[in-house]
Amino acid sequence: MERQIEYYGTLGPSCARKETLMKMLERGMTGIRLNLSHRSLKESEDWINIYQEAAKKTGKKPELLIDLVGPELRIGDLQKPLELKEGSLVFLITKGKKTQEDAIPVPQTIFEVLKEGQLLLLDDGKIEIQVLEQKEEAVCCQILRGGILYGRKSLAIPGVSISNPTLTGQDYENLKEAKKYGVTAVMLPFVRNKEDLICLREALEQNQAEEIRIFAKIENLDGVRKLPELLPYCDCVVIARGDLGNAVPLSRLPVIQQQIEQVCREKGKPFMVVTQMLQSMMDHAVPTRAEVNDIFHAIADGASSVMLTGETAAGAYPVEAMSILVETGQEALKWNEKIDKKL
């Protein structure tokens with residue numbers, strides 16, 4: 001049987017137009033991801049309707065994959081983006097308190113584990129800060145690697161495990177609406193053990209949505225270690241290299257990716273590779289040679305699906321990025337066919 005690859009984009013301001021989505025579907029996109037960390041299903045109704053109209057116009061039945069909040073740590077909303085300069089100081093405050101313009105609101109639970117010298121990574125590791133001292137209602141940190149920080153971005157604390165509930169209240173509300181909006185698959189971030197996946201499956205069953213597929217995002221070392229026990233409880237494993245790259249030294253990330261791929265191949269479990277596959281196309285019409293190699297090897301190594309995130313959601317060239325993703329994937333399939341024939 002001919003091997004089929006799923007090619008996903010991410011829905012966002014850059015592509016949420018019928019004409020753009022039609023072009024992406026015509027270029028080979030088979031599904032789209034909706035990140036529910038920033039907005040609910042109900043708040044995304046206009047985008048979903050546009051996507052469904054584009055699908056109808058092209059005669060396709062693409063997937064709609066929602067990405068839940070899950071146990072992931074995120075900062076809160078900011079009054080405006082913060083320009084964090086290397087060497088400067090910034091304060092962490094509790095979410096829900098009156099936000100100061102120069103402070104970062106974070107979940108209360110992290111204050112219990114912060115100590116002097118602790119590193120924190122923000123926005124998929126783009127920004128790095130270090131704890132200097134904990135004051136009565138705030139934590140003073142020094143900026144080691146700066147950048148522009150926007151609200152609701154990811155927060156990682158290397159070497160520290162925080163026990164958050166599997167699903168948030170917002171997740172439960174979105175799962176109630178999933179069937180109504182035509183959702184075909186659900187991604188659960190930061191899967192730590194099989195209990196996380198069982199919790200999600202039960203929530204789907206309670207909402208008569210048993211047919212919705214579960215994608216388990218591997219983003220921390222708990223998920224890597226527990227991978228064999230996760231496989232019976234999910235339909236696809238997602239190698240989410242953004243936060244996974246925060247959990248280990250970046251030089252080890254390719255090793256971790258290879259280990260996950262090997263386990264999935266041996267057990268016959270579909271897997272997806274995602275994060276920064278065409279990052280340069282956020283701003284440029286042509287990708288780097290390294291990026292197309294990354295896509296090629298992900299599929300040649302057995303990935304059942306690949307996904308673009310910011311490239312289509314917020315990038316300047318969503319259609320071109322999808323074209324490169326699909327075309328490179330097709331070349332990888334041709335290569336695999338040649339290898340198979342020789343064997």
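The values are calculated or read from the model by the stated rules, or taken from the named source; none is laboratory data. Since the structure is predicted, the reported quantities are computational estimates derived from the model, not experimental observations. For neighbour counting, all protein chains shown are included, and Cβ atoms are generated from backbone atoms with ideal geometry for every residue, glycine included. Just the protein is used for accessible areas: all its heavy atoms, side chains included, with ligands, DNA and RNA removed. Shrake-Rupley method; radii C 1.70, N 1.55, O 1.52, S 1.80 Å.
When E173, E219 are checked against the criterion of being buried (at least 17 other Cβ atoms within 10 Å of the Cβ) and either over 20 Å from the mean Cα position of the chain (by Cα) or not small (G, A, S) (or both), E219 stands alone in meeting it. The number of residues in region 176-196 being on the phi > 0 side of the Ramachandran plot and either surrounded by fewer than 13 Cβ atoms within 10 Å (Cβ to Cβ) or touching an Asp or Glu at 6+ places or on another chain (Cβ under 6 Å) (or both) comes to 1.
So that you can scan it fast, the table gives a plain yes or no per residue for (1) modelled with pLDDT under 95; (2) assigned to a strand (DSSP E or B); (3) more than 19 Å from R241 (Cβ to Cβ); (4) open to solvent by 70 Å² or more (accessible area, probe 1.4 Å):
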| site | (1), (2), (3), (4) |
| --- | --- |
| V292 | no, no, no, no |
| H297 | no, no, no, yes |
| I324 | no, no, no, no |
| E327 | no, no, yes, yes |
| K338 | yes, no, yes, yes |
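Set side by side, the residues T109, T94 differ, and just one is in contact with an Asp or Glu (Cβ under 9 Å, 6 or more places away or on another chain) and of a type in the set (V, I, T), which is T94. No other residue among A314, A285 is surrounded by fewer than 17 Cβ atoms within 10 Å (Cβ to Cβ) and under 18 Å from the mean Cα position of the chain (by Cα) apart from A314.
Checking K80, K61 one by one, the residue that is under 24 Å from the mean Cα position of the chain (by Cα), open to solvent by 60 Å² or more (accessible area, probe 1.4 Å) and closer than 26 Å to T328 by Cβ is K61 and no other.
Which one is nearest to A185 (Cα to Cα), of the residues in region 120-149 that are in contact (Cβ under 8 Å) with a residue 60 or more places away in the chain and surrounded by 15 or more Cβ atoms within 10 Å (Cβ to Cβ)? The residue in question is D124.
When the test is whether a residue is over 15 Å from the mean Cα position of the chain (by Cα) and surrounded by 18 or more Cβ atoms within 10 Å (Cβ to Cβ), E26 does not pass it. If only residues of region 228-255 that are closer than 14 Å to M272 by Cα, at pLDDT 95 or above and assigned to a helix (DSSP H, G or I) are counted, the one that is most open to solvent (accessible area, probe 1.4 Å) is R241.
Taking the criterion of being over 26 Å from R213 (Cα atoms) and in contact (Cβ under 8 Å) with a residue 24 or more places away in the chain, the residues of region 229-277 that qualify are N246, A247, V248.
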